[in-house]
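What follows is a single structure, written as structure tokens, with notes after it.
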Amino acid sequence: MLKVLIIDDEPIVREGLKTIIEWENYGFHVCGEAVNGKDGWIKINEYRPDLIIVDMKMPVMDGITATKEILARCPETKIIVLTSYMDDEMVYPALDAGAISYLLKTARAQEIADAVRAAMRGEAVVDAKVLGKLVQRNR
């Protein structure tokens, strides 16, 4: 069973993600939840998750800083960003920090579940709006 850690400051988001991930038997288990990147680091040391779903804007330590620190110490961990923000100040730094996927909180449950499975295969999933932004940047 692969372990997933959810890092988001909103309780309803954490509860919803846990339901999505454990709803069907995908072979994933939510091993823990954290309210910010600093709290997430404590949980990472405790649970050693295979995959982390992280929000971008959180108190104490944001998702970009958390992603950098997590991957510097645990490079094998897969990180999916799930956020409401698609501005340049969030998208590019998150992907540059090593997040494998970038999804918006408007994603459907099936899209999130598919992104979790894809990440564990080493495949990136990027929201279509964010992908359009990346394509425009590279032109």
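Structural remarks
- For the chain, the mean residue ellipticity at 222 nm estimated from helices alone is -14500 deg cm²/dmol, where every DSSP H run of n ≥ 4 contributes -39500 (n - 2.57) and the total is divided by all residues, rounded to the nearest 500.
- Accessible surface, segment 58-139, averaged per residue in Å² (probe 1.4 Å): 53 Å²
- Remark: the Lys38-Met86 segment gains 15.0 nm on full extension, using 0.36 nm per residue and subtracting the alpha carbon distance.
- Shape call, segment 1-56: gyration tensor on alpha carbons, a/c limit 1.5: oblate
- Shown here: Cα extents along the principal axes in Å, derived from the displayed model; of the candidates (1) 52, 42, 29; (2) 50, 31, 28; (3) 42, 31, 27, it corresponds to (3).
- For segment 1-64, the tally of Lys pairs with Cα-Cα distances below 18 Å comes to 4, considering only residues 8 or more apart or on different chains.
- Computed over protein heavy atoms with a 1.4 Å probe, the carbon and sulfur contribution to the accessible area of the chain reaches 51%.
- From the alpha carbon centroid of segment 99-121 to that of segment 1-75 is 13 Å.
The values are calculated or read from the model by the stated rules, or taken from the named source; none is laboratory data. Everything numeric here is computed off the predicted structure, so don't read it as measured data. We work out accessible area using only protein heavy atoms, side chains counted, and drop any ligands, DNA or RNA first. Shrake-Rupley method; radii C 1.70, N 1.55, O 1.52, S 1.80 Å.
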